[in-house]
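Worksheet: one structure, shown below.
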2 protein chains.
Amino acid sequence: MVTRLSHFFLRTLREDPADAEVSSHRLLVRAGYIRRAAPGIFTWLPLGLRVKAKIESVIREEMTNAGAYEVHFPALLPREPYESSGRWNSYGDGIFRLQDRKGADYLLAPTHEEMFTLLVKDLYSSYKDLPLAIYQIQDKYRDEARPRAGLLRGREFTMKDAYSFDYTDEGQDASYQSQRDAYERIFQKLGLEYVIVAADNGLMGGARSEEFLHPTPIGEDSFVRSAGGYAANVEAFTTTAPAPIPFEGLGEPVIFDSPNTPTIQTLVDHANAHLDAPADGIAGPATDGAAEWTAAHTLKNVVLALTHLDGTRELVIVGIPGDRDVDDKRAEVAFAPAAVEAATEQDFENNPLLVKGYIGPWSETGAVLGEQSATGIRYLLDPRVVDGTAWMTGANIDEKHVHTLVAGRDFTGDGFVEVANVRAGDPAPDGSGPVEIARGMEIGHVFQLGRFFADALGLKVLDENGKLVTVTMGSYGIGVTRILAIIAELNNDEKGLIWPASVAPFDVHVVATGREPVVFEVSEKLSAELEASGLDVLYDDRPKVSPGVKFGDAELVGVPQIVIVGRGAADGQVELWDRRTGDREVVPVAEVAARLAAR
Amino acid sequence: MVTRLSHFFLRTLREDPADAEVSSHRLLVRAGYIRRAAPGIFTWLPLGLRVKAKIESVIREEMTNAGAYEVHFPALLPREPYESSGRWNSYGDGIFRLQDRKGADYLLAPTHEEMFTLLVKDLYSSYKDLPLAIYQIQDKYRDEARPRAGLLRGREFTMKDAYSFDYTDEGQDASYQSQRDAYERIFQKLGLEYVIVAADNGLMGGARSEEFLHPTPIGEDSFVRSAGGYAANVEAFTTTAPAPIPFEGLGEPVIFDSPNTPTIQTLVDHANAHLDAPADGIAGPATDGAAEWTAAHTLKNVVLALTHLDGTRELVIVGIPGDRDVDDKRAEVAFAPAAVEAATEQDFENNPLLVKGYIGPWSETGAVLGEQSATGIRYLLDPRVVDGTAWMTGANIDEKHVHTLVAGRDFTGDGFVEVANVRAGDPAPDGSGPVEIARGMEIGHVFQLGRFFADALGLKVLDENGKLVTVTMGSYGIGVTRILAIIAELNNDEKGLIWPASVAPFDVHVVATGREPVVFEVSEKLSAELEASGLDVLYDDRPKVSPGVKFGDAELVGVPQIVIVGRGAADGQVELWDRRTGDREVVPVAEVAARLAAR
């Protein structure tokens, strides 16, 4: 049935919504796709719902092709399964919790791993039942601290989440690959360019984790990639440690006065003014030959405070090259599930052995940092701080530093940690060359959960030998409403939206201009004909609206093909208008259907 | 794509679920359509989701035909709109409430009148924008005190709710009729017999309210209907009041001793033992000529306690013929939004003028019941208690009653009230004859909201004269998951479900029996052919499952057409099995597609 604008539930708006920070939010509201109901919570208007349904239909088709079956879990769920997995607590403020009239605890599910696991446990018991892939397309809830950017970070949002179930690691790899392939097909169909980047696999302990990112300068995520094909998000990037260096020939630690040098820059300036240039055996072979001291010669010791899940607070010190900073996201992943923040003044007061601005792992009287040291504070090193590298760092005495302090000889850490920021030019871990830093938007995530949830909830099956084995799972998510917003974000101009044909709310927008009856007769007939040929037609049949307003609405709404029926209608001529290129072309009305089909 | 049982996510269960009271619940769980997640909250398995999608698709089609556009509101909504309409409080314990991390109040919407009203207010402003009909298919929430009967009374459920918007009453009538017609088409397509009954129009004050009931002896609702075409639910039935009777010739009230007669039955027995038979002018013309006293001669005064929305408690006394009882549902509707319960001992202690078992409106010293009486308690009469009818009732003295007490002469009420139960044989209010009482299940509800929500939320538009007028609304609901359960409830036998073709999860179920390769080859080819012809095929390709188990599963799952491929396969013969009639017929495999298409 042709949809007529004279009756359709649509009002375009002239003004941008006051709270819109990004173009997808601004345009989806102005063009009448969505409407704000509460912070981060939106009402879907008919246009928006049509686009959403098209995206869902592409996803469903490829899930079916991947052998996954659709189920649907409740959004309102009891506490118990989330208690078993530990997530009732670990979600913190990030979820909506409530009680029913009997006082039983419930939550609005932000994700359904527990329920999928329990459902399969409930119904399946044998290796013969596996592999299995099931998915749902469902409205989910997260109580974001700062809902923003419209649909990009909402509190109610639609996700497709799929899970695979296998009883062997090989099976799990095959299931993973099948979903990964389906994701490639989905994004290809949606016309969304993507890069598959290695991602952190989090707490679950599964072997593989990859994100699908759409590369775009306006992306909110950074990722790194090499010309040789390596790609990873910043959290998953692993530093290539240099080979250890023999201690022979390295000088001894030298303490020197360094008044008023609490920062790396003041220290470097001081060293260049008062010390000899960094020479062999002083600054260490890794930076041999440098004409002067630089931040790269220094070892920066950063005091962090972790808050563990049980509420305990632990100080930890990370030693990283002075020319790098702690990357918050990498630190978050490195210390998860603990929360990380900078140490406070109070923390320093509680640890008087730490001389602020002059902290280092070593003193003449023994180790200062590390679990076995005077402070007892855990000390973790950047992977570049290998044995035999020599560093300039704090001497744990006010206004004194030390240089030619050799890792593995003069100090050691309790382990290594990936918290330093990644820089363009850093070597890709797979040897494929230096990386560049790019920006992208996350559009999908596939990862192996391994046996985390199956262990927590007791999902086991009997294997070929009648032995109970724990099932291994994969998790595969796409944010449906997020994808919609990203497509809108990437497909617009100053006039409005420009939908790719695969997800456009209508295939063609017929605009009748002027007041002559023939225009409406031709438009009517053409619209019916196009609809009969299988196209979804939006027909602007509004009788008393000016051509300018109609064109403006058509540009704002963004249906990719527009047909203008105007003065030429009496002679059987109409105009085809390509919303993306802006090209207009006069064609006989009899050819419109064929021409549109050809596009 | 053919769905293969060897991979499909389905496990049928041998045992009925322990908590299943009704056959739809029992069979939908056993046959693998749904699974319990929490009390009144269900997970949808692939089979169930397919049936649900088919029902939704029928509804969407007819909503489109009725000119309604689909939108989708959030389930999680802020308090404010519900505060404006008064429903945040009036819902009481019946809804789920929660707070976000900032302490703002939210609810899980049980229904969306407020949001629809605000959306239209937000976007529309002129009579030219109307009429408008919009709808959604959405998961809704009610915190039922006793969730039960599976999907029939759940706490999370799917509804289609449509609303119409007009600026004139005539427009509203047309919109109402359009939705009412769409409902008829929907239920016809779903193969659900229905009766349209007049329903109570509740607090909203709209003019029309009708329920679609499926008539069935196992229905949970009673309704009344006459041979002449009247139909109403019990709450909406209106009593036909008899004509008033002249007072002339009626006797005077007679007080008589009536020890130990606190109930109607003991009173009637006492009267027949000790009084003259009810004669002209004594029992009153309405029952003239009766040989003995009956309950119908008596006036029963029932003390009810109302709790108003503001929490205040009010006693009210209803006077109804002694051969009838107070119908709880009718009383609930009559006194809504106040809650009704029987008066307590405490209430009687607080009102010493009420002589329990001997309450009546009259005493020799003046009126006892009524706002202007000694007690000041509001007194409402059954519509049959018209002026000139004479009654036997309590005399407000312990162990004394009075007869020949004439309404309008000796006592009056503060008004009339419809709380007495309806009985077979009562006259239909439209004069179409006596009614019978039948049972049914509610499958849809259409009603005019009038201007209740538009007034509460300020939805006005400019009319033709530039004057602001309040919009009038209609509300049209179908419980999607409830309909699914009702269809299951009505279509099953002792072996399992039997779906109507319009909503069956698959069109045909191909069962390969035996172990010979030819059976699987023929089944495979036939399944592919049927799928290619446009049918949804479920193919039981499980290699090591006995025919008995496969047949049992087919009967339980309830796909209406089954094809058995067995020994005859080598000779090109298969069996067509009609799940509903049980008929089996051997047909050449080449004819199966045509034969199924013919059904």
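Results, tabulated for the structure shown:
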| read-out | value |
| --- | --- |
| Failed condition for A:Val461, given (1) open to solvent by less than 20 Å² (accessible area, probe 1.4 Å); (2) not assigned by TED's automatic domain parsing to the domain that holds A:Tyr167 | (2) |
| Odd one out for B:Lys121, checked against (1) part of a loop (DSSP other than H, G, I, E, B); (2) more than 9 Å from chain A (Cβ to nearest Cβ); (3) open to solvent by 20 Å² or more (accessible area, probe 1.4 Å) | (1) |
| Unmet requirement for B:Leu192, which otherwise passes all of (1) within 14 Å of chain A (Cβ to nearest Cβ); (2) more than 27 Å from A:Arg4 (Cβ to Cβ); (3) at pLDDT below 95; (4) open to solvent by less than 50 Å² (accessible area, probe 1.4 Å) | (1) |
| Top-ranked residue in the stretch A:315-335 [being under 17 Å from A:Tyr379 (Cα atoms) and surrounded by fewer than 18 Cβ atoms within 10 Å (Cβ to Cβ); ranked as farthest from the chain's Cα centre (by Cα)] | A:Asp325 |
| Condition met for B:Pro259 (assigned by TED's automatic domain parsing to the domain that holds B:Pro337, part of a loop (DSSP other than H, G, I, E, B) and more than 30 Å from B:Ser24 (Cα to Cα)) | yes |
| Cβ-Cβ under 6 Å pairs, at least 6 apart or on other chains, the stretch B:140-155 side within 12 Å of another protein chain (Cβ to nearest Cβ), far side small (Gly, Ala, Ser) and not in a loop (DSSP other than H, G, I, E, B) | B:Arg142/B:Gly94; B:Asp143/B:Gly94 |
| Scope the stretch A:414-428; condition surrounded by fewer than 21 Cβ atoms within 10 Å (Cβ to Cβ) and either under 21 Å from A:Gly376 (Cβ atoms) or among the hydrophobic types (A, V, I, L, M, F, W, C) (or both); matching residues | A:Asp414, A:Gly415, A:Phe416, A:Ala424 |
| Qualifying positions in the stretch B:38-95 - in a helix (DSSP H, G or I), free of Cβ contacts under 8 Å to residues at least 24 places away in the same chain and of a type in the set (Phe, Trp, Tyr) | B:Trp88 |
| Leading residue by the ranking (farthest from A:Ile487 (Cα to Cα)) among those in the stretch A:59-87 that are more than 8 Å from chain B (Cβ to nearest Cβ), open to solvent by less than 20 Å² (accessible area, probe 1.4 Å) and not small (Gly, Ala, Ser) | A:Pro81 |
| Flag for A:Gly92 being open to solvent by less than 40 Å² (accessible area, probe 1.4 Å) and within 12 Å of another protein chain (Cβ to nearest Cβ) | yes |
| All positions within the stretch A:158-177 that are closer than 17 Å to A:Ile478 by Cα and more than 10 Å from chain B (Cβ to nearest Cβ) | A:Met159, A:Lys160, A:Asp161, A:Ala162, A:Tyr163, A:Ser164, A:Ser175, A:Tyr176, A:Gln177 |
| Exclusive hit being of a type outside the set (Lys, Arg) and under 27 Å from A:Leu275 (Cβ atoms), set A:Val435, A:Val402, A:Val461, A:Val419 | A:Val402 |
| 1 or more residues closer than 30 Å to A:Asp16 by Cα and among the small types (Gly, Ala, Ser): qualifying strands (runs of 3 or more DSSP E) within the stretch A:488-587 | A:508-512 |
| When residues of the stretch A:1-37 are limited to those that are without any contact (Cβ under 8 Å) to a residue 60 or more places away in the chain and among the small types (Gly, Ala, Ser), the one nearest to the other protein chains (Cβ to nearest Cβ) | A:Ala37 |
| Condition met for B:Ser24 (more than 24 Å from the chain's Cα centre (by Cα), part of a helix (DSSP H, G or I) and outside the structural domain of B:Gln177 (by TED's automatic domain parsing)) | no |
| Within the stretch B:536-556, tally of residues that are free of Cβ contacts under 8 Å to residues at least 40 places away in the same chain and open to solvent by less than 20 Å² (accessible area, probe 1.4 Å) | 1 |
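For every residue, the table says whether it meets (1) more than 24 Å from A:Phe247 (Cβ to Cβ); (2) within 36 Å of the chain's Cα centre (by Cα).
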residue	(1), (2)
A:Thr344	yes, yes
A:Pro352	yes, no
A:Glu371	no, yes
A:Thr375	yes, no
A:Tyr379	no, yes
A:Gly388	no, no
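Yes/no matrix, rows are residues, columns are (1) open to solvent by 10 Å² or more (accessible area, probe 1.4 Å); (2) in contact with a helix residue (DSSP H, G or I) (Cβ under 6 Å, 6 or more places away or on another chain); (3) part of a strand (DSSP E or B):
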residue	(1), (2), (3)
A:Tyr135	no, yes, yes
A:Glu144	yes, no, no
A:Asp161	no, no, yes
A:Ser164	no, yes, yes
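The values are calculated or read from the model by the stated rules, or taken from the named source; none is laboratory data. What you see is a predicted model; the values in this text were computed from it and never measured. Here Cβ is always computed from backbone atoms with ideal geometry, including for glycine, and neighbour counts include all displayed protein chains. Surface areas here come from the heavy atoms of the whole protein model, side chains and all, with no ligands, DNA or RNA. Shrake-Rupley method; radii C 1.70, N 1.55, O 1.52, S 1.80 Å.
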